[in-house]
Amino acid sequence: MRPVSISTVLFDGYPMDRALGEIAAGGATWVEPAFIKGYVAFSEDDFSEGNATALSQAITREGLGVIAVSAHMDCGGDDAVSMLERRIRFAGMVGAHFLITNAGKRSQEDRVLSTLRAVIPLCASTGVTVALENPGHGSDDVIENAAQGEALIQRIGSDRIRLNYDAGNIFTYHGGGIQPAADITRALPLVSHLHLKDVSDDGEGGWQFTALGDGLIDYQALWGLLPPDLPLGIELPLRLRRPQKQDPMRVADPLPLPVIRTALRRSLDFLTRLQGS
């Protein structure tokens, strides 16, 4: 049975404790705490030891576990090593096996590589693996597809740096021109975690995020390619919009909880049907 986490991005605008309670009530076993610029509000101060302890205790109270923490950053940016180390320690303190982040721009590839190599000892001591994610928008990224992800990981040469393949992101980054099943195979041995999201046409030339199975991502074709024990994270940033397929924009108000609950249930039911197919 594949472990399936629910990202807290689904509950953007609500307190973390409320998100954890809703995820547990929805029948999930695992949660993926998310700290993603543009998706949710957070600051670097959130990655403190005190906050990690409080979050860990709250997760335990709800009967949940943690496989991964998403805390994206630019690994080629200023102060990248200390920022990534802060995130790795935080992930370790809440009991996660993976710290998910973007890599960075191809123009900064040498700096990205230097940052990732610098944190390998900390990864080893904390037991946390950095899982690099292919982005869902932008351009000129170090990891624009599975082949580029494979090449980057091989250059680093450590089993503490792996890939978090995002099946929805590969579709949107390439303007809807690539389905995950057509891209992922080459890098599968280096994929340690998988993100699932879905998008549909918004009727105005753009995309809107949807429950899994309600959109354009061909998960049926992808499913048979996946190792049976590969950890999955359902990431539903339903508060975001992609007008004219441009960069994501957050709508002003959090979504009503009944809408969120319905999307969560539809997504879990969809995965159940996939696993039975």
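Throughout, read-outs are computed from the coordinates displayed, never taken from laboratory work. None of the values given here were measured: they were computed from a predicted structure. Cβ placement follows ideal geometry from the backbone for every residue including glycine, while neighbour counts extend to all protein chains displayed.
Assorted remarks:
- As a rough footprinting exposure proxy, the listed residues ASP78, ASP218 were ranked by other beta carbons within 10 Å of their own, and the order from fewest upward is ASP78, ASP218.
- For LYS105, a cut-off of 17 angstrom between C-alpha atoms picks up these lysines, skipping any fewer than 8 places away in its own chain: LYS37.
- Values of log10 I(q)/I(0), in the order q = 0.07, 0.15 Å⁻¹, for the range 4-276 under a Debye, Cα-only, solvent-free model: -0.22, -1.13
- Amide H partners (placed H, <5 Å) of THR210, local residues excluded: ASP198, VAL199, SER200
- P(r) weight above 17 Å for the range 42-84, C-alpha pairs, percent: 44
- Note that the range 125-140 has calculated 3J(HN,Hα) couplings of 6, 8, x, 9, 9, 7, 10, 7, 9, 6, x, x, 7, x, 7, 6 Hz, one per residue in order, obtained from phi through the Karplus relation 6.51 cos²θ - 1.76 cosθ + 1.60 (θ = phi - 60°); glycine and proline are x.
- Sorted from greatest to least, the principal axis extents spanned by the alpha carbons of the range 27-158 come out as 44, 29, 25 Å.
- Percentage relative contact order, the range 4-276, counting C-alpha pairs under 8 Å, at least six apart: 17
- In this structure, the amide hydrogen of SER5, modeled 1.01 Å from its nitrogen in the peptide plane, lies closer than 5 angstrom to those of LEU232, GLY233, ILE234, counting only residues at least 5 positions away or on a different chain.
- A straight Cα-to-Cα reach below 19 Å connects LYS245 with the aspartates and glutamates ASP140, ASP141, GLU144, ASP166, ASP198, ASP201, ASP202, GLU204, ASP214, ASP218, GLU235, residues fewer than 8 places away in its own chain not being considered.
- Ranked list, fewest to most other Cβ atoms within 10 Å of each Cβ, for LYS197, LYS37: LYS37, LYS197
- Coupling constants for the range 3-13 follow from the phi torsions by the Karplus curve (6.51 cos²θ - 1.76 cosθ + 1.60, θ = phi - 60°), and in residue order they are x, 10, 9, 10, 6, 6, 4, 4, 10, 3, x Hz; glycine and proline get x.
- For the range 144-149, putting each phi into the Karplus relation 6.51 cos²θ - 1.76 cosθ + 1.60 with θ = phi - 60° gives couplings of 8, 7, 5, 4, 5, x Hz, in residue order, rounded to whole numbers and with x for Gly and Pro.
- Kirkwood hydrodynamic radius over Cα pairs of the range 115-169, then Stokes diffusion coefficient at 20 °C and 1.002 mPa s, in µm²/s: 182
- Förster-model FRET efficiency, 41 Å R0, ALA124 and ALA252, C-beta, rounded to 0.05: 0.40
- Each distinct pair of alpha carbons in the range 146-277 adds a 1/r term; the inverse of their mean, the Kirkwood radius, is 15.7 Å.
- Relative contact order (%) - criterion: Cα under 8 Å, at least six apart; region: the range 97-142: 64
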